[in-house]
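The structure under discussion appears below in the form of structure tokens.
Derivation of every value follows stated rules applied to the coordinates shown; laboratory data play no part. All figures in this text were calculated on a predicted structure; none of them were measured in a lab. Glycine also receives a Cβ, built like all others from the backbone with ideal geometry; neighbour counts cover every protein chain displayed.
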Amino acid sequence: MVDAMRADGVGTRTIQYVHATLRAALEHAYREELVSRNVAKLVRVERPKPAPKEPVSVAEARKMLDGTTDDNWHALWVLLLMLACGAARYAACDGSTSTSKLEHSGRPRRSRAGIELDEALESYRS
């Protein structure tokens, strides 16, 4: 079944959902003694690969803030970008948003993108 779905071009996540649903249904049937074993437990389904995520650039942040100036939710957008700026401040120097990459001193590296976002948002702080 899984091979047929792959051949038809069904997405990895969809296959994972179908397998999980079938496995749960067969597990329920097994507990009710309607089937002798749950064969879905024997099947291994590949995990979907996460899509790469690109951080927001300074130009994109400014464009968004300029475009939401008259929006009722403008303060929320500013806050979200400030929070993203704080996360980027502790990101690795390669521009990723992982906070687990630490220097040998135990202190997080500063990302240039985080500093630039911080400077772009400075006019919104009060």
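Some observations on this one:
- Separation in nanometres of the label points that stand 7 Å from Cα toward Cβ, at L83 and E46: 3.5 nm
- Qualifying trypsin sites (Lys or Arg not before Pro) in region 1-65, where qualification requires a DSSP coil assignment and no more than 11 other C-beta atoms within 10 Å, comprise R37, R44, K53.
- Where GluC sites (Glu not before Pro) fall in DSSP loop in region 10-79, at most 10 other Cβ within 10 Å: E32, E33, E46
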